[in-house]
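Here is the structure we will look at.
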Amino acid sequence: MKILLVAATKHELGSPAAYNNLISNFPEIKILITGIGMVKTTYFLTVEILRNKPDFVINIGLCGSFNKNFDVGSVVNVLSEDFADFGIDNNGKFIPLHGKNKISSFGKLKSNFANKIELPLVKGITVNTVNSQKKIIEKVIDNFHPDIESMEGAAVFYVCMINNIPFIEIRAVSNMVEPRDIYKWNIPLAINNLNSVLPEIILKIKNNLK
């Protein structure tokens, strides 16, 4: 069994001790650090899948939350993703450019494995620029009704679905999506909470893949 653990940065995998424990306790895990953003994630994940053909992909990382029910430090399980800034600005009205394809008729990317992990299910969007202007945030909420945003999630969904590889996306909230105020963020808490649930998630996946 080969499980690929995908993160944008090594920092999201926790302390060096947590990283080393993960490697030693789960020899079937391979870690892929893609770099931040959709482009790097799409490229490096595609290369890794074509070369080594993992049986399962776990995407972990931090996120911003639109939903007050998921405050800073919350760990969530992303059920669906959208490319939230892929479209046309039609005189101030955003028109998504999803198109119809074999993955989804409506641009919605979904994880078929997410329901097997006992963490809160959320709707995610993926962006090239994190949102911090009130008017833009309001438009995004109106267009997509998201719970969280990240910069890589939809890319992982898309690549895994194209290659027929089961996957999940687990994220921890480091900040609320609001006018930028880094003093309200708590990245260490989010990383700690994320990595505290990771071993149990890996065990759950292994049991389901047997």
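The values are calculated or read from the model by the stated rules, or taken from the named source; none is laboratory data. Model, not experiment: these values are computed from the prediction. Cβ coordinates were reconstructed from backbone atoms using ideal geometry, including for glycine residues, and neighbour counts include every protein chain displayed.
Take Asn208 and tell me if it is at pLDDT 95 or above and within 25 Å of Ser24 (Cβ to Cβ).
Details: at pLDDT 95 or above: no; within 25 Å of Ser24 (Cβ to Cβ): yes.
Considered against the rule, which asks whether it is at pLDDT 95 or above and within 25 Å of Ser24 (Cβ to Cβ), Asn208 comes out as no.
Which numbered condition in (1) outside any helix (DSSP H, G or I); (2) surrounded by fewer than 14 Cβ atoms within 10 Å (Cβ to Cβ) is the only one that Ala17 fails?
(1)
Considering the range 34-49 alone, what residues qualify as being of a type in the set (Ser, Thr, Tyr), in contact (Cβ under 8 Å) with a residue 60 or more places away in the chain and not in a loop (DSSP other than H, G, I, E, B)? Before you say what the answer is, go through the steps one by one.
First, the residues of the range 34-49 that are of a type in the set (Ser, Thr, Tyr): 34, 41-43, 46.
So of that shortlist, the ones also in contact (Cβ under 8 Å) with a residue 60 or more places away in the chain come out as 34, 41-42, 46.
Once the filter is applied, which keeps residues that are of a type in the set (Ser, Thr, Tyr), in contact (Cβ under 8 Å) with a residue 60 or more places away in the chain and not in a loop (DSSP other than H, G, I, E, B), the range 34-49 yields Thr41, Thr42, Thr46.
Cβ contacts < 8 Å: first residue of a type in the set (D, E, K, R), restricted to the range 50-64; second residue outside any helix (DSSP H, G or I), any location; separation 6+ or different chain. Result?
Taking only residues 6 or more apart or on different chains, the pairs are Lys53/Lys2; Asp55/Met1; Asp55/Lys2; Asp55/Ile3; Asp55/Ile165; Asp55/Pro166.
Which members of the range 58-93 meet the condition of being under 20 Å from Pro179 (Cα atoms) and of a type outside the set (Gly, Ala, Ser)?
Leu62, Cys63, Phe66, Asn67, Lys68, Asn69, Phe70, Asp71, Val72, Asp85 - these are the residues of the range 58-93 that are under 20 Å from Pro179 (Cα atoms) and of a type outside the set (Gly, Ala, Ser).
Could you go through the range 149-172 and let me know if any residue there is of a type in the set (Val, Ile, Thr) and over 18 Å from Leu45 (Cβ atoms). Spell out how you get there, then give the answer.
First pass over the range 149-172, keeping only residues of a type in the set (Val, Ile, Thr): 156, 159, 162, 165, 168, 170.
Next, from what is left, pick out any that are over 18 Å from Leu45 (Cβ atoms): none.
Checking the range 149-172: not a single residue is of a type in the set (Val, Ile, Thr) and over 18 Å from Leu45 (Cβ atoms).
Suppose we keep only residues that are within 22 Å of Thr34 (Cβ to Cβ) and in contact with a helix residue (DSSP H, G or I) (Cβ under 7 Å, 6 or more places away or on another chain) within the range 120-145. Which one would you say is surrounded by the fewest Cβ atoms within 10 Å (Cβ to Cβ)? If you could, list the steps in order and put the result at the bottom.
Just the residues of the range 120-145 that are within 22 Å of Thr34 (Cβ to Cβ), to begin with: 122, 124-131.
Next, from what is left, pick out any that are in contact with a helix residue (DSSP H, G or I) (Cβ under 7 Å, 6 or more places away or on another chain): 124-126, 128, 131.
Working: Gly124: 27, Ile125: 28, Thr126: 29, Asn128: 12, Asn131: 23.
Out of the qualifying residues, it is Asn128.
So which residues in the range 28-43 are out of contact with any strand residue (DSSP E or B) (no Cβ under 8 Å at 6 or more places or on another chain) and either modelled with pLDDT under 95 or hydrophobic (A, V, I, L, M, F, W, C) (or both)? Write out each step before concluding.
Keep residues of the range 28-43 that are out of contact with any strand residue (DSSP E or B) (no Cβ under 8 Å at 6 or more places or on another chain), which gives 35-37, 39-40, 42-43.
Ile36, Val39 - these are the residues of the range 28-43 that are out of contact with any strand residue (DSSP E or B) (no Cβ under 8 Å at 6 or more places or on another chain) and either modelled with pLDDT under 95 or hydrophobic (A, V, I, L, M, F, W, C) (or both).
When residues of the range 179-203 are filtered for being of a type in the set (A, V, I, L, M), over 18 Å from Asn59 (Cα atoms) and touching a residue at least 60 places away in the same chain (Cβ under 8 Å), how many remain? Give the steps one after another, and end with the answer.
Taking the range 179-203 as the starting set, the residues that turn out to be of a type in the set (A, V, I, L, M) are 182, 187, 189-191, 194, 197-198, 201-203.
The next check asks that each one be over 18 Å from Asn59 (Cα atoms); those that pass are 182, 189.
Those left that are additionally touching a residue at least 60 places away in the same chain (Cβ under 8 Å): 189.
Residues meeting the conditions: 1.
Restricting attention to the range 91-111, which residues are modelled with pLDDT of 75 or more and either among the β-branched types (Val, Ile, Thr) or in a loop (DSSP other than H, G, I, E, B) (or both)? Break it down stepwise before answering.
Step one: of the range 91-111, the residues modelled with pLDDT of 75 or more are 91-96, 109-111.
Residues satisfying the conditions are Asn91, Gly92, Ile95, Ser111.
Could you give every pair whose Cβ atoms fall below 8 Å, whose first residue belongs to the range 81-92 and is in contact (Cβ under 8 Å) with a residue 40 or more places away in the chain, and whose second residue is among the β-branched types (Val, Ile, Thr) and part of a strand (DSSP E or B), counting only separations of at least 6 or pairs across chains?
Glu81/Ile125; Glu81/Thr126; Asp82/Ile125; Asp82/Thr126; Phe83/Ile125; Phe83/Thr126; Ala84/Ile125; Ala84/Thr126
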